[in-house]
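Engineer: Sending over a structure as structure tokens; questions will come in a sec.
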Amino acid sequence: MKPTSIIFLIISVMLALVGILLCFTATNMANDQGVAIFTQTGDADSNYTTKKEFNGDSVRKLVITMTEVDVNVYGGAESNYIELVNFPDGTYDLSVSKSTLQLSDKTAITNLIDIDNLKINFNGFRDYLHYFKYKDRERKINLYFTDNAEAINLTISSEADITLSDLRINCDYKLNLTDGDVTISNVKTTSSIQIESTQDSKVNLLATSVNDLRIDGVTAYASVKSTSFTRSMYVNIKSGSVDYDRIEEDFTGFNLYLKAGTGTISYFNELKYGDYYEKNYIDIDSNEEPGEDETEEPSEDEPGDTPDEEETTSTEEPSVSPVTGADAYSVTIILGEGNIKIY
């Protein structure tokens, strides 16, 4: 090795030692003065959480796109905010405008410097050290709403579990997941809930009130308990099962269509059908006595007179839910392989 190379090597080692010494010194000084080195703070379980509040009166649309990250949405909070647990700086992209909140995760360490989007997320070498410090810890997203929040659309895409709990905002919930499970409990909305699973998932709904409910799945096991809907319910699953514990004793007010391709249909634990059952349960109330229209005398018009109002017959088709694609006031469950149980 050339003398010049040896000299540069010695200098490099000395600089590295000086840098390490300065890091320890700066850390101790920061601890003594109560200065946070990182933007996140750790809890008793050594999880690091970043919190971001947003205006619940103006943010109407929220879009969360995650990979293998659980997403939890809770209502009844005192303020509107989002928590990112174990997300180092530079591994996520969070933006909040006047009316929209968007969040996506970035898992690669190279995303600490986002050259493609001309963004620099580099806050110093400490972020790289912090990244390796807890990059393997379980990450999750917690989103909190007050009961007075004005959100009208929440879209969540994740390869892990999604939970909605204790929500009272009239919001359209659209949940897209790959290999995770969905749990929805004590949610009330006059809008819709849409769930789409592309792999193996469990869908559990409990004590929920919704206008339109739609569940689409490749392999899914759906359980719906103590849940009511105003306009329509539509379930289409290729393989799995559907257990529906209906609050009401029957389906009065709804058209019912059940189809289990290679399974059976159990209806209120009393009747068992093959793979298909359909019935119109809509009860049309009428105050007219039977035959009243037939005994009514036709009016006689004077010659040359024309009727003041021409009698017309309504040909309007039943309204269709834009969410489920089914007729309003209908319950449709289609299962390719598996059993349908209503009780």
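The values are calculated or read from the model by the stated rules, or taken from the named source; none is laboratory data. Keep in mind it's a predicted model, so treat the numbers as computed, not measured. In this analysis, Cβ positions are derived from the backbone assuming ideal geometry, glycine residues included, and neighbour counts consider all displayed protein chains. Surface accessibility is based on the protein's heavy atoms, side chains included, excluding ligands, DNA and RNA. Shrake-Rupley method; radii C 1.70, N 1.55, O 1.52, S 1.80 Å.
Engineer: For region 207-232, how many residues are among the basic types (Lys, Arg) and either free of Cβ contacts under 8 Å to residues at least 60 places away in the same chain or surrounded by fewer than 17 Cβ atoms within 10 Å (Cβ to Cβ) (or both)?
Structural biologist: Adding up the residues that qualify gives 1.
Engineer: Restricting to region 5-24, name every residue that is at pLDDT 80 or above and open to solvent by 80 Å² or more (accessible area, probe 1.4 Å).
Structural biologist: Ile7, Leu9, Ile10, Met14, Leu15, Leu17, Leu21, listed by residue number.
Engineer: Right, something else. What are the residue pairs meeting all of these: first residue in region 166-183, first residue in contact (Cβ under 8 Å) with a residue 24 or more places away in the chain, second residue open to solvent by less than 40 Å² (accessible area, probe 1.4 Å) and among the aromatic types (Phe, Trp, Tyr), Cβ atoms under 7 Å, and 6 or more apart or on different chains?
Structural biologist: Close Cβ pairs (under 7 Å, with a partner that is open to solvent by less than 40 Å² (accessible area, probe 1.4 Å) and among the aromatic types (Phe, Trp, Tyr)) amount to Leu167/Phe145; Ile169/Phe145.
Engineer: A follow-up question, please. Name, by its number, the condition in (1) crowded, with 16+ Cβ neighbours inside 10 Å; (2) at pLDDT 95 or above; (3) outside any loop (DSSP other than H, G, I, E, B) that does not hold for Val59.
Structural biologist: (3)
Engineer: Considering Asn142, Asn176, Asn204, which residue is out of contact with any Leu (no Cβ under 7 Å at 6 or more places or on another chain), under 21 Å from Val69 (Cα atoms), part of a strand (DSSP E or B) and open to solvent by 60 Å² or more (accessible area, probe 1.4 Å)?
Structural biologist: Values: Asn142 fails: open to solvent by 60 Å² or more (accessible area, probe 1.4 Å); Asn176 fails: open to solvent by 60 Å² or more (accessible area, probe 1.4 Å).
None of the other options fit; the residue is Asn204.
Matching residues to (1) modelled with pLDDT under 75; (2) assigned to a strand (DSSP E or B); (3) touching a strand residue (DSSP E or B) at 6+ places or on another chain (Cβ under 8 Å):
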| position | (1), (2), (3) |
| --- | --- |
| Asn72 | no, yes, yes |
| Ser79 | no, no, yes |
| Lys98 | no, no, no |
| Leu101 | no, yes, yes |
| Asn111 | yes, no, no |
| Asn117 | yes, no, no |
| Asp127 | yes, no, no |
